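Below is one structure, written out as structure tokens, with a few remarks after it.
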Amino acid sequence: MYIRKTRLLTPGPTPLYPPALHAMMGSDIHHRTEDFRNLYRAALADLKAVMGTSNDVLIMVCSGTGAMESAVSNLFSSGDKVIVISAGKFGERWVEMTKAFGLDAIVLKAEYGSAVSPAELEAALAANPGVRGVFVQASETSTGVQHDVEAMGKAVAKTDAIFVVDAITGLGTMPLDIDGWGLDVVVGGSQKAFMIPPGLGFLSISPKAWAFAERANLPHYYFDLKKEKKNAAGGESSWTPNTSLLIALHAALQYIKSIGMDKLVRNAQLLARATREAATALGLELFAPASPCSSVTAIKAPAGWDSGVIVKEFRNRFGAIIANGQGSMKGKIFRIAHLGYFDFADLFGVIAELELILAANGLPVTYGTGVAAVQRVYAEAALQTGK
Ligand SMILES: *Cc1c(COP(=O)(O)O)cnc(C)c1O
């Protein structure tokens, strides 16, 4: 049709919360002033509240990967034995990163679409005494898989290792009891469920992990967690921060606090469930049926199709940007996101569009089959309460 609104429906960057976007216009603020210190302190306090932890919370000026790297370079020493859980492209990032820094990584691998079980981790911990750290993705965005970080955290807590969790798409899409489950380092990123543009990385760091920082010997300069902690206590960041994003973060955190982190999680969980039911109702196959995450749903393209056709059709017909598979999954799956500022109205549209795209490309579709599945999930969860 003739008017197509561009809609970013990917698992990062995600749709932006409009008041956060508007707040960014007030970014002519100097970062060594009291105005900034008030903003920074408030953002840190709100982030800590939203993450629900008593651990220190830091903000880094980088994308999520930079915050991941800071955990490696600040808490470990060359040759440290670590276990890396890898179930997709982001697990592979942990593998590459720990190897780049000279750690001795034992890799626990799951096939794309599957998760590594807590039992596999427990066996690896038992077989490898002296492991210093365990790395995982809470939600593996590339495959749509979720890890049981509760059981894993409790297993790691019994050892001398620290548990480093990439929760970049886990925060705001799944319950994460950071203190109760022993999640020593939790990494987040601004462009995921936090509803603002890319450019900020978040970290929570437990006392057990801080003790590691005392003996770690890997080189680092820009990403210096101890220095960042010291500066944060005074309301400042170590280096010139991206003030516009901090202003946006502050605004988005007010919104997240007003609805409640648990409700943000439930929102993503309901949208994910509705998407799985819609896909199944349309005869499509889920890529990660056994342990699906709620940040994104990965769906296999119909047999003989290139999923790129579906991605392109979404863009060309409806201005909707959805994600293809990454790496060897490219062309095989497409991914629909649910993290952050997504609602049921978005999903009604996405699934209706998907039905039209499938039909236009020759798949027999009864219009409304997928949409009705989404409506049923909404009706069951919210028709009575209106919430
Ligand atoms: C988005 C994402 C990252 C970080 O990627 P950046 O591009 O550096 O922000 C890391 N892990 C997961 C699971 C992600 O989804």
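The values are calculated or read from the model by the stated rules, or taken from the named source; none is laboratory data. Please read these numbers as outputs of a predicted model, since none were measured by experiment. So basically every Cβ, Gly included, is an ideal-geometry build from the backbone, and we count neighbours across all protein chains shown. Each accessible area value is taken on the protein alone, full model and side chains, heavy atoms only, with ligands, DNA and RNA left out. Shrake-Rupley method; radii C 1.70, N 1.55, O 1.52, S 1.80 Å.
What to note about this one:
- Candidate set from region 1-19 (those that are more than 16 Å from the ligand (Cβ to nearest atom) and among the β-branched types (Val, Ile, Thr)); member that is least open to solvent (accessible area, probe 1.4 Å): THR6
- Hey, GLY340 assigned by TED's automatic domain parsing to the domain that holds ALA381, on the phi > 0 side of the Ramachandran plot and under 18 Å from the mean Cα position of the chain (by Cα) or not: yes
- Considering region 158-181, and only residues there that are among the β-branched types (Val, Ile, Thr) and without any contact (Cβ under 8 Å) to a residue 40 or more places away in the chain, the residue that is surrounded by the most Cβ atoms within 10 Å (Cβ to Cβ) turns out to be VAL165.
- Condition check for LEU249: over 30 Å from SER27 (Cα atoms), under 20 Å from the mean Cα position of the chain (by Cα) and hydrophobic (A, V, I, L, M, F, W, C): no
- Among the residues of region 204-228, those that are small (Gly, Ala, Ser) and either over 20 Å from GLY189 (Cβ atoms) or touching a helix residue (DSSP H, G or I) at 6+ places or on another chain (Cβ under 9 Å) (or both) comprise SER204, ALA209, ALA211, ALA213, ALA216.
- Within region 23-33, the only residue that satisfies the criterion of being within 13 Å of ILE196 (Cα to Cα) and either in contact with a His (Cβ under 9 Å, 6 or more places away or on another chain) or free of Cβ contacts under 8 Å to residues at least 12 places away in the same chain (or both) is ALA23.
- Members of region 320-338 that are assigned to a loop (DSSP other than H, G, I, E, B) and over 17 Å from VAL374 (Cβ atoms): GLY325, GLN326, LYS330, GLY331, LYS332
- Condition met for LYS230 (basic (Lys, Arg) and either within 17 Å of SER70 (Cα to Cα) or open to solvent by 30 Å² or more (accessible area, probe 1.4 Å) (or both)): yes
- Residues that are within 13 Å of the ligand (Cβ to nearest atom), surrounded by fewer than 23 Cβ atoms within 10 Å (Cβ to Cβ) and not aliphatic (A, V, I, L, M) within region 91-112 comprise GLU92, ARG93, GLU96, listed in sequence order.
- Any hit, region 182-190, residues being away from the ligand (no atom under 16 Å from the Cβ) and either out of contact with any Pro (no Cβ under 9 Å at 6 or more places or on another chain) or open to solvent by 10 Å² or more (accessible area, probe 1.4 Å) (or both): yes
- Qualifying residue in region 305-319 (condition: in a strand (DSSP E or B), closer than 30 Å to ILE196 by Cα and in contact with a Phe, Trp or Tyr (Cβ under 7 Å, 6 or more places away or on another chain)): no
- Verdict on VAL136 being in contact (Cβ under 8 Å) with a residue 12 or more places away in the chain and closer than 28 Å to GLY325 by Cβ: yes
- Pair list, Cβ < 8 Å and 6+ apart or interchain, from region 43-58 residues that are closer than 12 Å to LEU183 by Cα to residues that are polar (S, T, N, Q): MET51/SER204; THR53/SER204; ASN55/SER204; ASN55/SER206
- Qualifying positions in region 195-240 - within 16 Å of the ligand (Cβ to nearest atom) and under 25 Å from MET152 (Cα atoms): GLY201, PHE202, LEU203, SER204
- Considering region 20-59, the residues that are over 18 Å from GLY235 (Cβ atoms) and touching an Asp or Glu at 6+ places or on another chain (Cβ under 8 Å) include one that is most open to solvent (accessible area, probe 1.4 Å), namely SER54.
- Residues satisfying the stated conditions in region 286-305, i.e. more than 14 Å from the ligand (Cβ to nearest atom), in contact (Cβ under 8 Å) with a residue 40 or more places away in the chain and of a type in the set (Gly, Ala, Ser): ALA290, SER291
- Options ALA87, ALA127, ALA115, ALA138: the member that is at pLDDT 95 or above, assigned by TED's automatic domain parsing to the domain that holds GLY182 and more than 14 Å from the ligand (Cβ to nearest atom): ALA127
- Flag for GLN146 being out of contact with any strand residue (DSSP E or B) (no Cβ under 7 Å at 6 or more places or on another chain) and either open to solvent by 10 Å² or more (accessible area, probe 1.4 Å) or more than 13 Å from the ligand (Cβ to nearest atom) (or both): no
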